[in-house]
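Only the coordinates and a few stated rules stand behind these numbers; no lab work does. Computed from a predicted structure; not experimentally measured. Here the Cβ positions follow ideal geometry from the backbone for every residue, glycine too, while neighbour counts run over all protein chains shown.
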Amino acid sequence: MAITALSGLSLRGGDWLGGDLAMDLGTANTLVYARGRGVLLNEPSVVAIDTRTDTVVAVGIEAKRMIGRTPDHIKAVRPLRDGVIADYDSTAEMLRYFVRKVLGRRSFSGPRVVVCVPSGITSVEQRAVSESVYAAGARRVHIIAEPMAAAIGAGLPVNQPAGSMIIDVGGGTTEVAVLALGGIVASTSLRIAGDAIDRAIVDHVRTQFGLLVGERTAEELKIAIGSAYPIAAPLRAQIRGRDIATGMPRDVAIGSDELRRAIDAPILAIVDAVRTTLDRCPPDLAGDLVTRGIVLTGGGALLRGLNARLQHEIGVPVLVAERPLDSVVLGTGTVVEHFEELQKVVVAGHRR
Ligand code: ADP
Ligand code: MG
């Protein structure tokens, strides 16, 4: 069957078909898709915890607003930060909150839920994720590998004999995979992605300007003027931080060329992961990639010139997916919509 024809499908009238859900449990963002309805939730994978009482005080958008500006006893955590589950309890709370928010007060007979998790997480962690989703009211939970979901969502013909390559640059992890005949032929999962780029900016601003900035400021700067390949009209931006010497707030101006040099190490690590995966791929499939090109997705695909840089370094055309932040949830949603035909791509189903 042609998955390409199905991947654009998201909304199909207003009827609630048993309430089946698809979830992209990302290191930076969690998205939830409801069968027959499309994407209903898109929030940061962040939980705010009151350390005095050890209780969750906020989840998602509300919790992300608290990062770096909370009183001492409130701690904002990203439970999946580096593609591993740092904290089971907060992950479970977060999943429960998101599932409830989508289902609301609707009475449902226990939905089937397909969850996409970073491919670096262990089977023990996968089980913990499915336990949490069961606890949130699911009747049956299935786990799908992230590169497969990303590829289906980006419209790649994963079921064909010809090979396709997907590069998903998220917050905590970069996943690179070659797919053919409905399976993953070669893959690499790297714990260097958007967050590592933000940290490189924090480090650069500290060492070059003696200024402390938080990761959120660094991310804003990256989105405003960041690039991975020279851009025609260089950009400039001001950032505000705290002077290391005086402790006082101070502004500095930084240009896109300087910023590009500052983030070169994580970019090169991503390039390397793509090269390694290509090297591990059978020669015939590698030949397919050279003619058909590679698809870049995930929020990191929005970094200016990342596709041009990869194309320049690897020598293979690199195209950006149409909706990089949604590829995974749309791919997982396609599996939910066409579960009978596509369940062979589902990695694992855990019973309670
Ligand atoms: P995950 O799947 O790990 O949750 P996402 O695919 O949601 O991650 O991508 C989040 C990452 O994308 C973050 O590091 C964020 O800074 C980055 N990002 C989002 N928009 C842009 C942009 N316009 N330019 C560069 N990076 C971006
Ligand atoms: Mg992702």
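Observations on the structure shown:
- Within the chain, all pairs of alpha-carbon atoms sorted by distance into 10 Å bins from zero give the percentages 6, 25, 31, 24, 12, 2, 0.
- When only alpha carbons are used to place a centre, the stretch 99-157 and the stretch 204-238 end up 35 Å from one another.
- Length-normalised contact order of the stretch 260-352 in % [C-alpha pairs under 8 Å, at least 6 apart]: 24 percent
- A simple packing score, the average count of other Cβ atoms within 10 Å per residue, orders the peptides 142-151, 300-309 as 142-151, 300-309, with the highest score first.
- Sequence-ordered 3J(HN,Hα) estimates for the stretch 316-329 from the Karplus curve with 6.51, -1.76 and 1.60 and θ = phi - 60° stand at 10, x, 10, 10, 8, 4, 5, 10, x, 6, 10, 3, 5, 5 Hz, glycine and proline given as x.
- Normalised size of the stretch 227-329, defined as Cα radius of gyration per 2.2 N^0.38 Å with N residues, equals 1.38.
- Rg/Rh (Cα only; Kirkwood hydrodynamic radius) as it applies to the stretch 135-292: 1.11
- By definition, a body whose alpha carbon gyration tensor gives a ≥ b ≥ c is prolate when a/c is 1.5 or more and a/b is larger than b/c, and the stretch 100-190 fits this prolate description.
- Max-minus-min Cα coordinates of the stretch 280-352 on each principal axis give 47, 30, 21 Å, with the largest extent listed first.
- Candidates per trypsin sites (Lys or Arg not before Pro) in the stretch 21-87, loop by DSSP, up to 13 other Cβ within 10 Å: Arg52, Arg69
- Relative contact order (percent, whole number), the chain, Cα cutoff 8 Å, 6+ residue spacing: 20 percent
- For the stretch 218-303, the relative contact order comes to 28 percent (Cα pairs under 8 Å, sequence separation of at least 6).
- Neighbour-limited loop hits for trypsin sites (Lys or Arg not before Pro), the stretch 122-191 (at most 16 other Cβ within 10 Å; DSSP other than H, G, I, E, B): Arg139
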